[in-house]
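The values are calculated or read from the model by the stated rules, or taken from the named source; none is laboratory data. Everything numeric in this text was worked out from a predicted model, so none of it was measured. Heads up, the Cβs are rebuilt from the backbone with ideal geometry, glycines too, and the neighbour counts pull from every protein chain shown. Quick note on the areas: whole protein, heavy atoms, side chains included, nothing else; ligands and nucleic acids left out. Shrake-Rupley method; radii C 1.70, N 1.55, O 1.52, S 1.80 Å.
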Amino acid sequence: QVQLVESGGGLVQAGQSLRLSCTGSSSSIFRIDSASWYRQAPGKQRELVAQLTNTGSTNYADSVKDRFTISRNNVRDTVYLQMDSLKPEDTAVYYCNAMIRTAVYNSRAYWGQGTQVTVSS
């Protein structure tokens with residue numbers, strides 16, 4: 001099986017930056033086909049923030065476009081979300097999601113545990 005562990009969240013002031021990471025681990029070889037970052041703020045629905053498709057293209061929510069960047073490091077089995085020019089409205093719990101294939105299964109969805117990002121004004 002595969003586990004995704006998130007890190008990098010914290011408390012920052014508006015205008016500052018954070019980089020979230022999501023690292024996969026498994027007892028067997030695996031490949032991340034695609035990955036996404038979601039976020040959920042209190043009282044709001046979970047929303048898709050950024051997506052890295054299996055073809056290498058990226059998509060971003062309008063609210064974060066030009067400020068956030070999703071990327072991956074295949075050697076480290078890690079997906080990143082670089083967040084610049086953070087705003088208070090970015091405050092939320094951020095979750096990574098990845099479609100991962102193993103020797104046993106074709107692509108299946110896995111979720112990280114979530115990491116809190118708080119942006120003060």
Next item on the list: Pick out, from region 1-57, the strands (runs of 3 or more DSSP E) lying fully within it that include 1 or more residues that are without any contact (Cβ under 8 Å) to a residue 40 or more places away in the chain.
Entry: 47-52
Item checked: First in region 89-112 and charged (D, E, K, R), second anywhere and assigned to a loop (DSSP other than H, G, I, E, B) and open to solvent by 40 Å² or more (accessible area, probe 1.4 Å), Cβ under 6 Å, 6 or more apart -> Arg101/Ser107
Next item on the list: Mind telling me which of the residues Ser27, Ser57, Ser17, Ser63 ends up being within 14 Å of Thr118 (Cα to Cα), loosely packed, with under 14 Cβ neighbours inside 10 Å and either modelled with pLDDT under 95 or of a type in the set (Gly, Ala, Ser) (or both)?
Entry: Ser17
Next item on the list: Could you look through region 29-66, keep only residues that are of a type in the set (Gly, Ala, Ser) and out of contact with any strand residue (DSSP E or B) (no Cβ under 6 Å at 6 or more places or on another chain), and pick out the one that is nearest to Thr78 (Cα to Cα)?
Entry: Gly56
Margin query: Let me spell it out: the conditions are (1) crowded, with 17+ Cβ neighbours inside 10 Å; (2) at pLDDT 95 or above; (3) acidic (Asp, Glu), and Glu89 meets all of them except one. Which number is the exception?
Written below: (1)
Check: Out of (1) under 28 Å from Gln13 (Cα atoms); (2) touching a residue at least 24 places away in the same chain (Cβ under 8 Å), the odd one out for Asp77 is which?
Finding: (1)
Notebook entry, point to check: Just one of Asp77, Asp90 is acidic (Asp, Glu) and under 24 Å from Ser120 (Cα atoms); which is it?
Noted result: Asp90
Notebook entry, point to check: When region 82-99 is examined, which residues are found to be polar (S, T, N, Q) and under 15 Å from Ile70 (Cβ atoms)?
Noted result: Gln82, Asn97
Next item on the list: Please go through region 60-90 and pick out each residue that is charged (D, E, K, R) and part of a loop (DSSP other than H, G, I, E, B).
Entry: Asp62, Lys65, Asp66, Arg67, Arg76, Asp77, Asp84, Lys87
Note to self: Filter region 91-117 down to the residues that are touching a Gly at 6+ places or on another chain (Cβ under 9 Å) and assigned to a strand (DSSP E or B) and list them by number.
What the structure shows: Val93, Tyr94, Tyr95, Cys96, Asn97, Ala98, Ile100, Tyr110, Thr115, Gln116, Val117
Notebook entry, point to check: Among the residues of region 101-121, which ones are β-branched (Val, Ile, Thr), modelled with pLDDT of 95 or more and closer than 16 Å to Gly24 by Cβ?
Noted result: Thr115
